[in-house]
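J.: Before we start, here is the structure in question, set down as structure tokens.
What follows draws every value from the coordinates through simple rules; no lab data is involved. Computed from a prediction, not measured in an experiment: that's the story for all the values here. Methodologically, a virtual Cβ is constructed for each residue, glycine included, from the backbone with ideal geometry; neighbour enumeration extends over all protein chains shown.
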Amino acid sequence: MTFAGAAQAAPRVLSLDQCADQYVLTLSPRASIVGLSTRADDADSRLRALARGLPQRRTTLESALAAKPDLIVRYWGGDPRFIAQIEKRGVRVITIEDASDFDGVRANVRRVAAAMDRQAQGEAVIAKMDARLDRSAGAWRGATALYITPGGFTGGEGTMIHHILKSAGMTPTPPGPGFQPISLEQLAIKPPRALVLGFFDDFMLANNRWGLGRHQIMRRVAAERTVASLPGAMLGCPDPSAAEAVEILAAKAPR
């Protein structure tokens, strides 16, 4: 079968949100993508360069039906009423699940790839992700590190960022589950040995004018202790880009 024939045989795919865009752009033949979200080329979209030239569609029933998709991929996009209406018309909907570790990411890749009949491409994506993780494993030899966002939160046990730090050989602090606020006073009194910033992109800081990330104490600690600043495009979705974050952290480990 020629490349053109393969593209014609693939399902016509519509993505409903920015995270689904990353999966669709990674796994679907370009000719089969009938629509991406309106955030597909935003600054925090990791594959925004690949999105250029492809149609962007609002999440409305009229827009979706006009695209004539065979398959819709979503993470958070589309409310239950929209999903029910589109499925009633015979369009298959695949939902990307939350993932707090790389097993969850692998399951998502395989689910979306299978729906597109692109299993080989999905396994290639997983193999590339796993190679990054294997190269990066244990790089920090258990050194403690604090992750923080411009809003002053860290990610504890059960979050993807916690798993990212651990995969690079770091011991995330402080202990505890879920997302937790960080005390500015504690940051000043006992700054972390290593600081990992997340979502500190310039455009994101601009939208956090009153967040902890702009405080002079935070700026001083960040200037002294930051080992890596991970972009929002690498952290915002439960997809294989999380392995790139692990690789960046591993590269910053002391030799």
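J.: Quick one: length gained pulling GLU157 to ALA120 fully straight, 0.36 nm per residue minus the C-alpha distance?
T.: Answer, rounded to one decimal: 10.1 nm.
J.: 7 Å from Cα along Cα→Cβ at both PHE179 and ALA137: what's the point-to-point distance in nm?
T.: 3.1
J.: Tell me the net charge near CYS19. Cut-off is 14 Å between Cβ atoms, CYS19 excluded, with +1 for each Lys or Arg and -1 for each Asp or Glu.
T.: On the way: positive: ARG39, ARG46, ARG48, ARG74, ARG111; negative: ASP17, ASP21, ASP42, ASP44, GLU97, ASP98, ASP239.
Summing Lys/Arg as +1 and Asp/Glu as -1 gives -2.
J.: Using 1/(1 + (r/R0)^6) with R0 = 30 angstrom and r between the beta carbons of ARG214 and SER63, what's the FRET efficiency to the nearest 0.05?
T.: Step by step, r from the Cβ atoms, then E = 0.20.
J.: On to the next question. Rounded to a whole number of µm²/s, how large is the Stokes-Einstein D of the chain at 4 °C and 1.567 mPa s, given Rh as the Kirkwood radius over C-alpha pairs?
T.: Approximately 67 µm²/s, per Stokes-Einstein.
J.: Summing -39500 (n - 2.57) over the DSSP H runs of n ≥ 4 in the chain and dividing by its residue number, what mean residue ellipticity at 222 nm do you reach, to the nearest 500 deg cm²/dmol?
T.: Helix contribution divided over all residues of the chain: -12500 deg cm²/dmol.
J.: Find out how many positive minus negative residues lie around LYS128, taking Lys and Arg as positive, Asp and Glu as negative, among other residues whose Cβ is under 13 Å from that of LYS128.
T.: Details: positive: ARG106, ARG132, ARG135; negative: GLU123, ASP130, ASP134, ASP239, GLU244, GLU247.
My count for the surroundings of LYS128 gives -3.
J.: For Cα pairs less than 8 Å apart in space and 6+ apart in sequence, what is the mean separation divided by the residue count of segment 3-96, i.e. the relative contact order in percent?
T.: Relative contact order here is 31 percent.
J.: Find how much the distance from THR171 to GLU97 grows on full extension, using 0.36 nm per residue of separation minus their present alpha carbon separation; answer in nm with one decimal.
T.: Length gained, THR171 through GLU97: 24.0 nm.
J.: Mind pulling the per residue volume of the convex hull built on the Cα atoms of segment 139-251? Å³ is fine.
T.: Once divided by residue count, the hull of segment 139-251 is 94 Å³.
J.: Please express the Cα-Cα pair-distance distribution P(r) of segment 7-64 as a list of whole percents, one per 10 Å bin, running from 0 to the bin with the greatest distance.
T.: Spelled out per bin, shortest first, that is 27, 57, 15, 0.
J.: Can you list the aspartates and glutamates whose alpha carbon is less than 19 Å from that of LYS88, not counting same-chain residues fewer than 8 positions off?
T.: In chain and number order, the partners are GLU62, ASP70, ASP79.
J.: Once the Cα atoms of segment 72-191 are picked out, what are the Rg and Dmax in Å?
T.: Computed over the Cα atoms of segment 72-191, radius of gyration and Dmax are 18.7, 60 Å.
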